[in-house]
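As structure tokens, the structure follows; a few thoughts come after it.
The values are calculated or read from the model by the stated rules, or taken from the named source; none is laboratory data. Just so it is clear, the structure is predicted and the values come from calculations on it, not from any experiment. Neighbour counts run over all protein chains shown; Cβ positions are idealised from the backbone, glycine included.
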2 protein chains.
Amino acid sequence: MSEKFYFMSKILVIGAGRSSSSLIDYLLNHAKTYHWFITIADTNKEAVELKVKEYQDVAEAVSFDVHNETLRETLIQKSDFVVSMLPAFMHGEVARDCVRLGKHLATASYVSQEMKDLDKEAKEKKLLLLNECGLDPGIDHASAMKIIHEIQDKGGNVTGFKSFCGGLVAPESNDNPWGYKFSWNPRNVILAGQGTAQFIENGKLKFIPYNRIYTQTETIEVDGYGAFDAYANRDSISYKIPYGLNDARTMLRGTLRMPGYCKAWNVFVKLGLTDDTYKIKNSDSLTYTDLIESFLPEGNISVKEKLIAFMGADIDAEVLEKLEYLELFSHRRMKLKEGSPAELLQNLLEEKWLLKAGDKDMIVMQHQFEYELNGMTKKLKSSLVVIGDDEVHTAMAKTVGLPLAITIKNFLTGKFKSYGVQIPISREIYEPMLQELEQLGICFQESEQG
Amino acid sequence: MSEKFYFMSKILVIGAGRSSSSLIDYLLNHAKTYHWFITIADTNKEAVELKVKEYQDVAEAVSFDVHNETLRETLIQKSDFVVSMLPAFMHGEVARDCVRLGKHLATASYVSQEMKDLDKEAKEKKLLLLNECGLDPGIDHASAMKIIHEIQDKGGNVTGFKSFCGGLVAPESNDNPWGYKFSWNPRNVILAGQGTAQFIENGKLKFIPYNRIYTQTETIEVDGYGAFDAYANRDSISYKIPYGLNDARTMLRGTLRMPGYCKAWNVFVKLGLTDDTYKIKNSDSLTYTDLIESFLPEGNISVKEKLIAFMGADIDAEVLEKLEYLELFSHRRMKLKEGSPAELLQNLLEEKWLLKAGDKDMIVMQHQFEYELNGMTKKLKSSLVVIGDDEVHTAMAKTVGLPLAITIKNFLTGKFKSYGVQIPISREIYEPMLQELEQLGICFQESEQG
């Protein structure tokens, strides 16, 4: 087999945080083969320098400052392909630079309106704006579309689709009553569910506002891993057309948590503790108990008793155990001088839900299909479980980073030629992606029912 | 008495909607005396032309288009004093123009961050940026500060302050089960309470998030008018320092509604019907019953039964009567082709809660003080009730427009000289304002207790 020659490609990765490790490893390990030069830009240049030390000839670390536009432009100008691993709200500026300067871009985040607005110009310039190409969104799109296309190829018609995903902690590292530790951006976990979930059930539009998203849960069973809580996630309806599910009477995407998590998290939502819209001044002069009390009606009983009265049927011994674990009724002062309720809660949880040395995280995904084939109604489940290696090489980093890295490689090596805003739902994108993920141990188990 | 000579002042009023009628009448009626020329700018120029017909020598109507920056600048450039009666979020651009072009500005709206940012430059240029000078905020500040200063002048110390206000319907025009009709911007009524209420109770910080603001109500008694529901309104804490209430252990501003209104409105909040963050496509193909159902869990019972099950103890026959009055369980199609839940609800309520010909509205305000004087704890209530003349000359228009008009007059005639961002809490602003309001029949009744 003769070695193929690739033109040199300069890849710029912006953001080398928690979720970027597998992406960066993949790019570094394949740089020589595919003739890439990798520039990794991060505010913490020293940490990145350690990563590229053994790859001096194919990679470099540079400083990045999100407020320095000139630096951003210069870095983008020098590259051929940009990967933005920044928080989602920062992609817009990077994307505008990319399209203006004629560079391809990939992110693992949801397609924003800003991104959509760049679609036409990107297509005209033959630039790829790849999005939603991580885990969820990402692997979920790819793996669901593979099955949907298979059913349709057999002449079947998908009438119902539900898809769930959660970034959790592996059973062997599950040592707190919440069954949760942070394997990705903690802020996103604290604010999860804000907005209104939109989906379709029995052919009807359904909306669940944030204030009751953690109460309207369903239970999902995953073979070998037991039951999980699931709550509806964002706007599922908008995927009906892109997925080609015109006849689906049910269309729901959801988020998974360990059983009991949602009932306990609902206490924070009902209290108002996940609010990020205002700051509490001098919060370091208050205890967490004061914070809880500030959201409760006045009365001559203890804060814990007030909370129990306030929550009524929505609290029980298991919920209280979870709250006690967080020392919420202790006289422990808060550390932030000024923080929103959400920031103050995050500050505490980052300590309590830390992925410790040796801890393993776990990704769980499940698709549920209902379809009609030859006059029969059939059901199909497809599940994925990935366990992390340790607290750095997490299942989250793998499943977010690898689909992105693989798809960038497939684009740069000419395996597909799509331009403008793309998500991994077309065969030419998802087929080689899922094949390679399977080789890397990320594979789904299907079970047909009925 | 010799007539005083006033230099000509050109006053520009932007926005001639519902709440502007009394302001405009006052300015027109006093234009000759004070040597004013009044320019009234509105998108509906024809309607304004009718208003200024009898005042041709002192007033003119001009077209206004909020998207036409050049027009806005030209109008502001030609004036000496600008009154913005636009929706609050539009004041920022007007204010920046005013400060840049050297013009005074007045609004009835809350001081925004954008306004605060202009304070320094306005002070340097000796420009007034008068805000919160309508009813609530406005008359509430002025009348509360008068009593606070009186108590402090006697050597007393205010330890508790609560203030409530509501724009309601007069008893003689109250012919629907909600006891509510629109006397001001309906959109503000639909979105009322969104965000988090912040106040102080028994010396403790208290927060109530939107999802339960209509459930944590208290009952207020106003002599001769009976009981009202009150719920906490926005950030009360930020007025503690400006009001000089350093020792107050209670500090709460609230909104009044007829008894039972809050319990019924809570159904909309809990459902998610007041959400304005997303649009429902093809909403004109749905009925209001479909809309309600889209927020309820699925089940084989009627929508009304589902709602009753969903609300549990939070619904009763009186609430149901209010919902039936709105025809929410009828198969009546919605009119908007695409609307947010809040917009779809507003569209219905604008029809059901219309202030009909001859209908009178009613403003109710009550302050409750607790103070210490000569070692004794005392209580003082101060209440205001204003009934409108008819559906155009409303109590709302009077109580929003007159304090603003009077204070503009007082500034232009040199009764006070304050610059930068001001709200009516200093004696030089509130004293002449309250005196003149009293002459116009807007006066408080005080009752000392204990």
Filtering segment A:272-281 down to residues that are of a type in the set (D, E, K, R), more than 24 Å from the chain's Cα centre (by Cα) and within 10 Å of chain B (Cβ to nearest Cβ) yields A:Lys281
Of the criteria (1) on the phi > 0 side of the Ramachandran plot; (2) in contact with a Ser or Thr (Cβ under 8 Å, 6 or more places away or on another chain), which one B:Gly179 fails: (2)
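In this structure, is B:Ile387 touching a residue at least 12 places away in the same chain (Cβ under 8 Å) and either closer than 13 Å to B:Phe182 by Cα or of a type in the set (Phe, Trp, Tyr) (or both)?
Values: touching a residue at least 12 places away in the same chain (Cβ under 8 Å): yes; either closer than 13 Å to B:Phe182 by Cα or of a type in the set (Phe, Trp, Tyr) (or both): no.
Answer is no for this residue.
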Sole residue being in contact with a helix residue (DSSP H, G or I) (Cβ under 7 Å, 6 or more places away or on another chain), surrounded by 14 or more Cβ atoms within 10 Å (Cβ to Cβ), within 14 Å of chain B (Cβ to nearest Cβ) and closer than 30 Å to A:Leu135 by Cβ, chosen from A:Leu326, A:Leu345, A:Leu349: A:Leu345
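The rows are residues; the columns are (1) part of a helix (DSSP H, G or I); (2) in contact with a Pro (Cβ under 8 Å, 6 or more places away or on another chain); (3) within 26 Å of A:Ser183 (Cα to Cα).
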{"position": "A:Lys4", "(1), (2), (3)": "no, no, no"}
{"position": "A:Val13", "(1), (2), (3)": "no, no, yes"}
{"position": "A:Ala16", "(1), (2), (3)": "no, no, yes"}
{"position": "A:Leu27", "(1), (2), (3)": "yes, no, yes"}
{"position": "A:Lys32", "(1), (2), (3)": "yes, no, no"}
{"position": "A:Val52", "(1), (2), (3)": "yes, no, yes"}
Residue within segment A:40-49 that is out of contact with any Gly (no Cβ under 6 Å at 6 or more places or on another chain), of a type in the set (Ser, Thr, Tyr) and either at pLDDT 95 or above or in a helix (DSSP H, G or I) (or both) present: no
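If you go through segment B:441-450, how many residues are among the polar types (S, T, N, Q) and at pLDDT 95 or above?
Of the residues in segment B:441-450, the ones among the polar types (S, T, N, Q) are B:445, B:447, B:449.
Adding the requirement that they be at pLDDT 95 or above leaves B:445.
Final tally of qualifying residues: 1.
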Sole miss for A:His331 among (1) part of a helix (DSSP H, G or I); (2) more than 14 Å from chain B (Cβ to nearest Cβ); (3) in contact with a strand residue (DSSP E or B) (Cβ under 7 Å, 6 or more places away or on another chain) is condition (1)
Suppose the filter is in contact with a strand residue (DSSP E or B) (Cβ under 8 Å, 6 or more places away or on another chain), within 14 Å of chain B (Cβ to nearest Cβ), surrounded by 14 or more Cβ atoms within 10 Å (Cβ to Cβ) and of a type in the set (Val, Ile, Thr); does A:Thr250 pass it? yes
Selection from segment A:191-203 of residues under 22 Å from the mean Cα position of the chain (by Cα), assigned to a loop (DSSP other than H, G, I, E, B) and either within 13 Å of chain B (Cβ to nearest Cβ) or among the aromatic types (Phe, Trp, Tyr) (or both) yields A:Gly193, A:Gln194, A:Gly195
Given the residues B:Val58, B:Val66, which is the only one that is modelled with pLDDT of 95 or more, surrounded by 13 or more Cβ atoms within 10 Å (Cβ to Cβ) and either farther than 19 Å from B:Leu127 by Cα or not small (Gly, Ala, Ser) (or both)? B:Val58
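Looking at segment B:255-271, can you tell me whether even one residue there is assigned to a strand (DSSP E or B) and within 14 Å of chain A (Cβ to nearest Cβ)?
Kept after step one, since they are assigned to a strand (DSSP E or B), are these residues of segment B:255-271: B:255-257.
Narrowing further to those that are within 14 Å of chain A (Cβ to nearest Cβ): none.
Within segment B:255-271, none of the residues are assigned to a strand (DSSP E or B) and within 14 Å of chain A (Cβ to nearest Cβ).
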Does segment A:282-302 hold any residues that are more than 10 Å from every other protein chain (Cβ to nearest Cβ) and under 19 Å from A:Tyr325 (Cα atoms), and which are they? A:Thr287, A:Tyr288, A:Thr289, A:Ile292, A:Ser302
Residues (more than 28 Å from B:Glu124 (Cα to Cα), in contact with an Asp or Glu (Cβ under 6 Å, 6 or more places away or on another chain) and not polar (S, T, N, Q)) located in segment B:366-419: B:Lys379, B:Leu380, B:Gly388, B:Glu391, B:Ala395, B:Met396
Going by the structure shown, is B:Leu320 within 18 Å of A:Pro209 (Cα to Cα), touching a helix residue (DSSP H, G or I) at 6+ places or on another chain (Cβ under 9 Å) and either assigned to a helix (DSSP H, G or I) or within 14 Å of another protein chain (Cβ to nearest Cβ) (or both)? no
I'd like to check something: does segment A:391-413 contain any residue that is small (Gly, Ala, Ser) and surrounded by fewer than 22 Cβ atoms within 10 Å (Cβ to Cβ)? no
A:Tyr288 - would you say it is crowded, with 16+ Cβ neighbours inside 10 Å, modelled with pLDDT of 95 or more and assigned by TED's automatic domain parsing to the domain that holds A:Thr196? no
Taking segment A:204-241 on its own, how many of its residues are more than 14 Å from chain B (Cβ to nearest Cβ) and either under 20 Å from the mean Cα position of the chain (by Cα) or among the hydrophobic types (A, V, I, L, M, F, W, C) (or both)? 8
How many residues, within segment A:365-374, are of a type outside the set (S, T, N, Q) and surrounded by 21 or more Cβ atoms within 10 Å (Cβ to Cβ)? 4
Can you work out which of the residues in segment A:221-232 that are of a type outside the set (D, E, K, R) and surrounded by fewer than 22 Cβ atoms within 10 Å (Cβ to Cβ) is farthest from B:Phe310 (Cα to Cα)? A:Gly224
